[in-house]
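Q: Attaching a single structure in structure tokens format; questions to follow.
The values are calculated or read from the model by the stated rules, or taken from the named source; none is laboratory data. All values reported here derive from a predicted model rather than from experimental measurement. Neighbour counts run over all protein chains shown; Cβ positions are idealised from the backbone, glycine included. When the accessible area is computed, the model is the full protein with side chains, heavy atoms only, and any ligands, DNA or RNA have been set aside. Shrake-Rupley method; radii C 1.70, N 1.55, O 1.52, S 1.80 Å.
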Amino acid sequence: MPETIITQRPQTDLKVERPKMYKAVLVNDDYTPRDFVVNVLRAEFRLNDQQARKVMITAHQRGVCVVAVLTKELAETKTTNAIDAARKEGYPLLFTTEPEE
Ligand code: TYC
């Protein structure tokens with residue numbers, strides 16, 4: 001019978017921390033066309049048409065709407081890309097990021 005050698009692994013402290021998450025927030029304005037907002041939400045945040053329209057209408061009615069909760073890097077990249085797409089068309093569309101509680 002083969003000898004079984006049981007070795008104790010060193011007790012390294014493998015504490016896995018969750019990354020701090022950030023909200024990507026859509027801000028209403030009076031000029032950006034509704035369909036453009038919907039298309040940006042679909043393209044950059046991968047929302048489907050129904051989700052995108054709901055988020056757009058919520059921001060339109062309440063002033064702001066949380067689009068997604070993401071890592072800091074993803075929240076910043078997606079909001080920057082969405083703002084850049086709007087600026088290329090001359091629209092003042094704005095997104096902000098804020099740390100989740
Ligand atoms: N308020 C804009 C309009 O009436 C549409 C809009 C909605 C713009 C949401 C920005 O975050 C926004 N054309």
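Q: Give me the 1.4 Å probe accessible area per residue for the chain, excluding ligands and nucleic acids, in Å².
A: Details: 7810 Å² over 101 residues.
Result: 77 Å² per residue.
Q: Among the lysines, which fall within straight-line cross-link reach of Lys88, defined as a Cα-Cα distance under 30 Å, with same-chain neighbours fewer than 8 residues apart omitted?
A: Lys23, Lys54, Lys72, Lys78
Q: Next up: Based on the Cα coordinates of the chain, what is the per residue volume of their convex hull in Å³?
A: Dividing the Cα hull volume of the chain by its residue count gives 163 Å³.
Q: Please list, by residue number, every one of the chymotrypsin sites (Phe, Trp or Tyr not before Pro) in the range 33-101 that is coil in DSSP and has at most 14 other beta-carbon atoms within 10 Å.
A: Answer by residue number: there is no such site.
Q: Still on this structure: Rolling a 1.4 angstrom probe over the protein chains, ignoring ligands and nucleic acids, what is the accessible area of Ile57 in square angstrom, nearest 10?
A: The accessible area of Ile57 comes to roughly 50 Å².
Q: At 0.36 nm per residue, and after removing the present C-alpha to C-alpha distance, how many nm does the segment from Thr80 to Thr58 gain when stretched out fully?
A: My answer for the length gained is 5.8 nm.
Q: Going by accessible area, probe 1.4 Å, with all protein chains left in place, what is the ranking of Lys15, Lys78, largest first?
A: Working: Lys15 150, Lys78 40 Å².
So the residues, ranked largest to smallest area, are Lys15, Lys78.
Q: Convert each backbone phi in the range 84-96 into a coupling constant with the Karplus relation 6.51 cos²θ - 1.76 cosθ + 1.60 (shift: θ = phi - 60°), then list the ³J(HN,Hα) values in order as whole Hz, x for Gly and Pro.
A: 4, 4, 5, 4, 4, 9, x, 9, x, 3, 10, 10, 10
Q: Leaving ligands, DNA and RNA out of it, report the carbon-plus-sulfur percent of the accessible area of the chain at a 1.4 Å probe.
A: With neighbouring chains kept in place, the figure for the chain is 49 percent.
Q: Would you mind calculating the relative contact order of the chain from Cα pairs under 8 angstrom and at least 6 residues apart, reporting the percent as a whole number?
A: Relative contact order of the chain: 42 percent.
Q: So, one more: Quick check on packing: order 16-22, 37-43 by the mean number of other C-beta atoms within 10 Å, highest mean leading.
A: By packing density, highest mean first, the sequence is 37-43, 16-22.
Q: To continue, here is another question. Say we join alpha carbon atoms closer than 10 Å with springs in a Gaussian network model of the chain; which of Lys54, Lys23, Lys72 then has the biggest fluctuation?
A: Lys54
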